Amino acid sequence: MIHQLHNDGMTVSEISRRLKMDRKTVRRYIQQGLEPPAYGPRAPRGSCLDPYKAYLRTRIEHQPGLSAKRLLRDISAMGFEGSYTTLTDFLRSVRPCNDHEYELRYETPAGVQAQADFAHFTVRFTDEPDVERVVWLFSMVLGHSRYLFGRFSWRQTLDTVVRCHIEAFEAFGGVPQEILYDRMKTAVLGEPEPGQIVYHPTLMALGKHYGFMPKACKAYRAKTKGKVERPFRYIRQDFFLDGTFRDLEDLNVQFDRWLSEIAHRREHGTTHRIVHEHFLEERASLQPLPAGVFDDVLSSERRVTRDGMVSVDGNLYSIPNGLRLSSVQVERTATTVRLLHEQQLLAVHRLLTGRGQRQVLQGHRARVKPRRDHDAVSEPAIGNDGDQIACRDLEVYSSIAKRLAQGESA
């Protein structure tokens, strides 16, 4: 201000009176000239995230793939009241972002397309803490709304694929016009000539029953079905990593709850719509479910073990006692296993979804008391039905006993 007033032509006395400063002070600043101010280092400010940084570093070190949204939920439950941006800024300093290639996105109209695939997961269930299990997640995503269905299973067998399709359609309340697959063997058998894809006949029968057309993506171009590939990473980071599951059934129960409470309630990063609300609009465009139940049969022949069991996909199913058979015909549907011999139905079992299980139907293993050789001698003869036993006075038996004791005949 002194230099500004001096440049405007005011005298030292006028500046002194206006600014209420001593004239010597005014004169000294004028003689010194204008110098830029010197600032010292700024004292570091505290962050609302500071109490949680050690916890976040530990979690990232243990599970580097955890998503920021998952970590935000965890520390919010611990009392964090800051913003999502505060957390992501810190996470960028802990784990540098990976470079990503930009891809061209294709959006599909409502009800037109869904994408389906399997993903591999490794887990230790608390019921078997010393055993590392491999499970497969079947996922189907509606291309328009990104609404997701998923089911964990032990295998990628055809009956698993069929069952998961049926459950997905029931969860959607309808059927899309086409479903996009990669070249998995349960969907695509081969491509003898370019463009002539041979689909599995059971999948074609399933598509005919529900009214959808299977479609295979181009070979070695898995990114063409990115709508179902990308959620696998989201599921792994936000749900699966650092989770605790009792068994396969508990894993699916927790996954269903996570879908309904978190995944479907979020704003999708591409559509910028709440997934569940977007799905409610798309559901009206889906094809209606058929009236009947798909019950296509997968037939094969299996040997019978010495204890009367039949092995199907790693599980054992019983046949009735008394049948001396070396092999039986097995018919599998999406939910049942039927055992037959020469077109005669022997048993109908519920399809087991795990491995190493044993299912014995009621009445197949009735206990029979073993018969020993001396039992045949000591057992009294049994008369015919309707025979009557004579009733005698006890003195008669006493008299017989005395005569036998004296060596006489009864």
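The values are calculated or read from the model by the stated rules, or taken from the named source; none is laboratory data. No experiment lies behind these values; they were computed from the predicted model shown. Every residue, glycine as well, gets a Cβ built from its backbone with ideal geometry; the counts of neighbours run over all protein chains shown. Areas reflect the complete protein model, heavy atoms only, side chains present, ligands, DNA and RNA absent. Shrake-Rupley method; radii C 1.70, N 1.55, O 1.52, S 1.80 Å.
Subtracting the Cα-Cα distance of Glu191 and Ala171 from their residue separation scaled by 0.36 nm leaves 4.0 nm.
Magnitude of the charge dipole for the chain, about its Cα centre and with charges confined to Cβ atoms of Lys, Arg (+1) and Asp, Glu (-1), is about 1980 debye. Estimated from the Cβ-Cβ distance and a Förster radius of 60 angstrom, the FRET efficiency linking Met204 and Ala43 is about 0.25. Annotated for the chain: lysine pairs at least 8 residues apart or interchain, Cα distance under 20 Å, count 11. Each of Val141, Gln4, Tyr181 was placed along the dipole of the chain (beta-carbon charges, centred on the mean Cα), and the one lying farthest toward the positive end is Gln4. Under the simplified labelling scheme, the Val112-Glu342 pair shows an inter-label distance of 5.8 nm, with each label point 7 Å from Cα along Cα→Cβ. Computed over protein heavy atoms with a 1.4 Å probe, the accessible surface of the chain works out to 64 Å² per residue.
Taking amide hydrogens as placed 1.01 Å from N in the peptide plane, the amide H of Val188 sits under 5 Å from those of His200, each at least 5 positions away in sequence or on another chain. Under 1.5 on a/c is rounded, so check that first for region 269-371, then, if it is not, pick prolate when a/b is larger than b/c and oblate when it is not; a ≥ b ≥ c are the square roots of the alpha carbon gyration tensor eigenvalues. It comes out prolate by the Cα gyration axes. The fraction of accessible area contributed by carbon and sulfur in region 1-84 is 51 percent, rounded to a whole number (1.4 Å probe; ligands and nucleic acids excluded). Ordering 13-23, 199-209 by mean Cβ neighbour count within 10 Å, with the highest value first, yields 199-209, 13-23.
Could you calculate the contour length gain from Ser93 to Leu289, that is, 0.36 nm times the residue separation minus the distance between their Cα atoms, to one decimal place in nm?
65.6 nm is the gain from fully extending Ser93 to Leu289.
For the peptides 235-245, 340-350, 68-78, residues were scored by their other Cβ atoms within 10 Å and the scores averaged per peptide; the highest-first order is 235-245, 68-78, 340-350.
Return the long-range amide H neighbours of Val312 (sequence gap of 5 or more, or a different chain), with a cut-off of under 5 Å between placed amide H atoms. Answer set, sorted by chain and number: Tyr317. Converting the Cα gyration tensor eigenvalues of region 294-354 into ellipsoid dimensions via √(5λ) gives semi-axes, longest first, of 18, 13, 9 Å.
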